[in-house]
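Each remark here refers to the structure printed beneath this line.
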Amino acid sequence: MKVTSAEFTKSAFNQSHWTTDGLPEIAFLGRSNVGKSSLLNSLLQRKGLARTSNTPGRTQSINYFLVNEQFYFVDLPGYGYAKVSKTMRADWGKMAEEYLAERRELVLSIHLVDARHAPTTLDRQLHEWLVFHQKPHAVVATKADKLSNNKLEKSLAEIKAALPESPIIAYSSTTGKGRDAVWSAILDATGKKVRFSG
Ligand code: GTP
Ligand code: MG
């Protein structure tokens, strides 16, 4: 996929901040620190466009990025970070569920899990929610570069068993592994013809 333009558009803290131009949206979801912002930067080949950090819970608003003036990437706050306050956790649930449940423009939810670990209870709950509400979704297993091929295969099988209703793509934001497959899923969802720039 040739990315000709990618820009941060806005941060949304509630529905009144959502974009209004009707372009399709791809949401990136997953627990804190799983690599959502890194995946977004790696897909767009723009280092530092979405802020990444070693401090979990960095992204706390819904962040919109306009891509090729055709669709939005939507970076949602991570869930499951134990150290944030109860109020903040409740806000996450409210903000994300409202977005997922009500956003007409949402054409694909990309659910990130860490390739090295079995999905958590919250991961399973999100998966079940997406399946129950018939939201198009795909699982991306991040940080695949941290595992040997053997271990990765084993881990992907475990993830598949825990999140059975999703296609699963192994990804590395460091090496770019899985990039074409994720773009293919995105372009399928936005109804665009697949074209890779290599
Ligand atoms: P929050 O916004 O806090 O929810 O985190 P996030 O899901 O956006 O994670 P982020 O992209 O900030 O990445 C968290 C940490 O994991 C950073 O230190 C990244 O450099 C690292 N990381 C992310 N993806 C990969 C990957 O594919 N491989 C490796 N080796 N490290 C990664
Ligand atoms: Mg982030």
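The values are calculated or read from the model by the stated rules, or taken from the named source; none is laboratory data. These figures come from a predicted structure and were not determined experimentally. Every residue, glycine as well, gets a Cβ built from its backbone with ideal geometry; the counts of neighbours run over all protein chains shown. Quick note on the areas: whole protein, heavy atoms, side chains included, nothing else; ligands and nucleic acids left out. Shrake-Rupley method; radii C 1.70, N 1.55, O 1.52, S 1.80 Å.
Here are the numbers for the structure shown:
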{"read-out": "Residue count, segment 6-21 (criterion: within 16 Å of ligand 2 (Cβ to nearest atom) and assigned to a loop (DSSP other than H, G, I, E, B))", "value": "1"}
{"read-out": "Among (1) open to solvent by 40 Å² or more (accessible area, probe 1.4 Å); (2) within 15 Å of ligand 1 (Cβ to nearest atom) - the single one GLY35 does not satisfy", "value": "(1)"}
{"read-out": "Any chance LEU29 is within 15 Å of ligand 1 (Cβ to nearest atom) and either at pLDDT 90 or above or open to solvent by 20 Å² or more (accessible area, probe 1.4 Å) (or both)", "value": "yes"}
{"read-out": "Residues satisfying the stated conditions in segment 38-70, i.e. more than 6 Å from ligand 1 (Cβ to nearest atom) and under 21 Å from MET95 (Cβ atoms)", "value": "LEU39, LEU40, ALA50, ARG51, THR55, GLN60, SER61, ILE62, ASN63, TYR64, PHE65, LEU66"}
{"read-out": "Residues (of a type outside the set (Asp, Glu), surrounded by fewer than 20 Cβ atoms within 10 Å (Cβ to Cβ) and over 17 Å from ILE26 (Cα atoms)) located in segment 130-151", "value": "PHE132, LYS146, LEU147, SER148, ASN149, ASN150, LYS151"}
{"read-out": "Unique match (being closer than 17 Å to GLN125 by Cβ and at pLDDT below 90) among MET1, MET95, MET88", "value": "MET95"}
{"read-out": "Among the residues listed as LEU112, LEU100, LEU106, the single one being open to solvent by 10 Å² or more (accessible area, probe 1.4 Å), closer than 20 Å to SER37 by Cα and among the aliphatic types (A, V, I, L, M)", "value": "LEU106"}
{"read-out": "Pick from segment 22-50, criterion outside any loop (DSSP other than H, G, I, E, B) and charged (D, E, K, R), ranking: nearest to ligand 2 (Cβ to nearest atom)", "value": "LYS36"}
{"read-out": "Complete set of residues in segment 42-55 that are of a type outside the set (A, V, I, L, M, F, W, C) and either touching a strand residue (DSSP E or B) at 6+ places or on another chain (Cβ under 6 Å) or at pLDDT below 95 (or both)", "value": "GLN45, ARG46, LYS47, GLY48, ARG51, THR52, SER53, ASN54, THR55"}
